[in-house]
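The values are calculated or read from the model by the stated rules, or taken from the named source; none is laboratory data. Just so we're clear, the structure is a prediction, and the values are computed from it rather than from any experiment. Neighbour counts are summed over all protein chains in view; Cβ atoms, including those assigned to glycine, are modelled from backbone coordinates with ideal geometry. SASA here: full protein model, heavy atoms, side chains in, ligands and nucleic acids out. Shrake-Rupley method; radii C 1.70, N 1.55, O 1.52, S 1.80 Å.
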Amino acid sequence: MSSDHYFSPAPGTELRTRTITVELGGVTREVTTANNVFSPGHIDTGTEVLIKYAPAPPATGDVLDLGCGWGPISLHLALASPEATIWAVDVNERALDLVRTNAAALGLTNIRAVQPADVPADIRFRTIWSNPPIRVGKDELHNLMTTWLPRLESEADAWLVVQRNLGSDSLQRWLEAELSDEYAVSREAISKGFRILLVSRE
């Protein structure tokens, strides 16, 4: 059995791509996915919940999709805000290649699919959307939060979707305790066993 996971930087298994049909921007579209990426057969339920309940993204500026997988959130953001720059960030190179493939197929030129280290240090985000990789473990998840949430602009926010059974309530409590007073953390929606957490920066 392969030890590769969707959060493996360079999956060693042979690439097997597939075409699936999904709804993005209110339109049915074909996209490419592959093995050893997150939710290759469909848009994950948590991602669907996030897209449904998060508000329209900013029309311009830099927007982060943290843990982008094959790109459903990034593609949604890019379609909704064609004048914004969407940073699709993941450690999985196979996933990043799929984001680039899907962006090109949809004619989207405003997506930058990159490794975390390749996001310029001076970039600050108008919003962050994330279906974070809970299965990387609590320490790594917390490291992701403390690395990227401070890169929000003033008066910006982050929208996170986390399954209740995988620790959404404990993550909310940790964020409330860990982040400084310039951040506010709230639970904005509950749907299909998922929680939508909002982190707002003053």
Rounded to whole Å, √(5λ) for the Cα gyration tensor eigenvalues of the range 31-127, largest first, gives 19, 16, 13
Among the Cα-Cα pairs of the chain, the proportion with separation greater than 19 Å, in percent, is 58 percent
Highest mean packing first, using Cβ neighbours within 10 angstrom, the peptides 94-106, 169-181, 43-55 sort as 94-106, 43-55, 169-181
Cα pairs beyond 13 Å in the range 92-147, in percent, come to 72 percent
Percent relative contact order for the range 1-149, counting Cα pairs under 8 Å at least six residues apart, stands at 23 percent
dims of the range 124-202, Cα set, principal axes, largest to smallest, nearest Å -> 32, 25, 20
Under the helix-only model (-39500 (n - 2.57) for each DSSP H run of 4 or more, divided by the residues of the chain), the mean residue ellipticity at 222 nm, to 500 deg cm²/dmol, is -8000 deg cm²/dmol
Between the Cα axis of helix 168-178 and the main Cα principal axis of the chain, the angle (0 to 90°, nearest 10) is 50 degrees
Note to self: with every protein chain in place and a 1.4 Å probe, the chain gives an accessible area per residue in Å² of 48 Å²
Of the accessible area of the range 56-202, computed with a 1.4 Å probe and all protein chains kept, carbon and sulfur make up a percent value of 45 percent
In nm, the gap between the two label points placed 7 Å beyond Cα toward Cβ at SER180 and GLU14 is 5.3 nm
